[in-house]
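Here the structure is laid out as C-alpha cells; the discussion comes afterwards.
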Amino acid sequence: MRMKTVIRAALSLILVATALVMALHTLAVLRERPVTESGAYLLASSSGNVAVYDRLDRRRALEVTDIALDSLREHDRQLIEQGLPVDGREALMELLEDLGS
C-alpha cells in the first residue's frame, strides 16, 4: 500500500514538473516573437493546442504552444475555443503561464 502512494506522488510530481517546463518553454518562445503592433492578442485553438494570434490579423498564428486543449479545465477550454482576447504582452505571458500550469 505504501509503495502505491509513493508511486502516485512521484507521478504527480512528474506531471507538475512537465507542465511547468512546457509553460516556461512557451514563454521563452514567445519572448523571441515580435510584439504585435497593436499589442492586442487572441488566444484560440489550433491543432488541439492553444495558439496565439494577432487580434487584428488572425490569418496565421504567431505561435502554437505546447498547451493541449484537453489538458485545460472545461471553462478555460471553452474560452480558448471561442477566442480569448488579451490586451498586452505582459497579460499574455501571465495567462499562458497560468494555462500551462
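The numbers here are math on the coordinates, done by the rules we state, and not lab data. Because the structure is a prediction, the values reported are computed rather than measured. As a convention, Cβ positions derive from the backbone with ideal geometry for all residues, glycine included, and neighbour counts pool all protein chains shown.
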Cα long-axis angle, helix 2-32 against the chain (0 to 90 degrees, to the nearest 10): 20
message: For the chain, what does the helix formula give at 222 nm: sum of -39500 (n - 2.57) over DSSP H segments with n ≥ 4, over the residue count, nearest 500 deg cm²/dmol?
response: -17500 deg cm²/dmol
- prompt: Once the piece of chain linking R59 and L20 is laid out straight, how much longer is it, given 0.36 nm per residue of separation minus the C-alpha distance between them?
  reply: 11.1 nm
message: Can you tell me the orientation of helix 89-100 relative to the chain, as the angle in degrees between its alpha-carbon axis and the longest Cα principal axis, to the nearest 10?
response: 30
field: Dipole magnitude of the chain, debye to nearest 20 (Cβ charges: Lys/Arg +1, Asp/Glu -1, about Cα centre)
entry: 460
query: When you count, for each residue, the other Cβ atoms within 10 Å and take the mean per peptide, how do 78-89, 11-22, 50-61 rank with the highest first?
result: 50-61, 78-89, 11-22
- prompt: Once label points are set 7 Å from the Cα along Cα→Cβ at both I7 and Q82, what is their separation, rounded to one decimal in nm?
  reply: 4.2
query: Contour minus end-to-end for H75 and A40, with contour as 0.36 nm per residue of separation and end-to-end as the Cα-Cα distance?
result: 10.4 nm
statement: Total charge of the residues flanking V21 in space, meaning their Cβ is under 15 Å from its Cβ, with Lys and Arg +1 and Asp and Glu -1, is -2
